[in-house]
């Protein structure tokens, strides 16, 4: 019979004595109680985790912890000299990090939306291509895209959509009314969506759907000039990346964006998959060693590729093209080395290597260095070998 987990609800005033009995120190119990009420112990628990002792053999046996999960479980007791206020500093740092990253992701997201619309409209010579089957490798992909767009349209607060509903005689209270199997006004919404130009469609499309749309685009288009082009490559080349790298990176940006939007923990988050290797780009003088996959401590690899550091590098790369004058690096350094956090936050928990700011990638300034060659067909490569693997690196 499966064992049912039971939890006892503890109010903040009851939690504080419990945590004190486990070795946690409070400088101001009244302030701590306010935080536990307004933020919640479950959220703060992640920031208390680094302060806890390693699990003992006695606890392993009593709690029946699987060997697979040993590394993710710690003792209930805290290390000597652990303060609740230290966890609060980690919480505030994580919040400021999310705000900083989301401000930069916003620029990338808007750019990708606009680029997809403009470049594909130009290639196809069709302003209404997003909901047409012939725009995709598998025409049936539209059947999975359409319900997402219907939901986005029905719940959007954009003025042009409100205007459509008003003209259609549909009350605001009924616009997103559901029945079994869909929306009451689904037929009306689909008719309106099919008439919307691409730039309006991308304005309301969920960012996560952009990745799947890009991944399903046709791979060959005959232009009006008689040329054949791959829309995916046209878009990725705009950012100076190869198709597979760009596809992987926008997925990573999408995951990180959602984490920032929903206030999830980012600071020491372990991501499930590493970004795809980038061994060449339109910036030949930038060292892309940080983007080569590997485990820390092996063959010169000092970073951790499943932490947020590589996602921060991806953000900085996009800013080379979008905002060459960006002060993202300065803001990042100001946060990491501020007096409030420099003695509390271990930047290696974010995946940062030693002396990261001295790497060529971070020292590169697009306003000072020569402008890159944006045409991938003219790029020149040399074969290199790293950690037993062959790569092509831009000269």
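The values are calculated or read from the model by the stated rules, or taken from the named source; none is laboratory data. Just so it is clear, the structure is predicted and the values come from calculations on it, not from any experiment. When we count neighbours, we look across all protein chains shown, and the Cβ atoms used for this are built from the backbone with ideal geometry, even at glycine.
Determine whether the range 325-339 contains at least one residue that is modelled with pLDDT of 90 or more, in a helix (DSSP H, G or I), more than 30 Å from residue 113 (Cα to Cα) and touching a helix residue (DSSP H, G or I) at 6+ places or on another chain (Cβ under 9 Å). Yes, the range 325-339 contains a residue that is modelled with pLDDT of 90 or more, in a helix (DSSP H, G or I), more than 30 Å from residue 113 (Cα to Cα) and touching a helix residue (DSSP H, G or I) at 6+ places or on another chain (Cβ under 9 Å).
Quick grid of which residues meet (1) in the same structural domain as residue 185 (by TED's automatic domain parsing); (2) surrounded by fewer than 17 Cβ atoms within 10 Å (Cβ to Cβ); (3) part of a helix (DSSP H, G or I); (4) out of contact with any helix residue (DSSP H, G or I) (no Cβ under 8 Å at 6 or more places or on another chain):
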residue	(1), (2), (3), (4)
117	yes, no, yes, no
122	yes, yes, yes, yes
127	yes, yes, no, no
134	yes, yes, yes, yes
139	yes, yes, no, no
143	yes, yes, yes, yes
150	yes, no, yes, no
154	yes, no, yes, no
161	yes, no, yes, no
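Taking the criterion of being modelled with pLDDT of 70 or more and crowded, with 16+ Cβ neighbours inside 10 Å, the residues of the range 52-75 that qualify are 52, 53, 55, 74, 75.
Among residues of the range 262-290 that are on the phi > 0 side of the Ramachandran plot, those with a beta-carbon under 9 Å from a residue that is at pLDDT 85 or above and crowded, with 19+ Cβ neighbours inside 10 Å at least six positions away or on a different chain give the pairs 263/98. Of the residues making up the range 194-240, those that are touching a residue at least 60 places away in the same chain (Cβ under 8 Å), under 30 Å from residue 163 (Cα atoms) and part of a helix (DSSP H, G or I) number 13. Do we have any residue at all in the range 16-23 that's more than 32 Å from the chain's Cα centre (by Cα), surrounded by 11 or more Cβ atoms within 10 Å (Cβ to Cβ), outside any helix (DSSP H, G or I) and modelled with pLDDT of 90 or more? Looking through the range 16-23, at least one residue is more than 32 Å from the chain's Cα centre (by Cα), surrounded by 11 or more Cβ atoms within 10 Å (Cβ to Cβ), outside any helix (DSSP H, G or I) and modelled with pLDDT of 90 or more. Could you list all residues from the range 241-266 that are at pLDDT below 90, part of a loop (DSSP other than H, G, I, E, B) and within 24 Å of residue 352 (Cβ to Cβ)? Hit for the range 241-266 is 241, nothing else. Take residue 188 and decide whether it is in the same structural domain as residue 134 (by TED's automatic domain parsing), modelled with pLDDT of 75 or more and more than 29 Å from residue 315 (Cβ to Cβ). Yes: the conditions hold for residue 188. When the residues of the range 217-237 are filtered to those that are crowded, with 19+ Cβ neighbours inside 10 Å and within 23 Å of the chain's Cα centre (by Cα), the one that is farthest from residue 135 (Cα to Cα) is 237.
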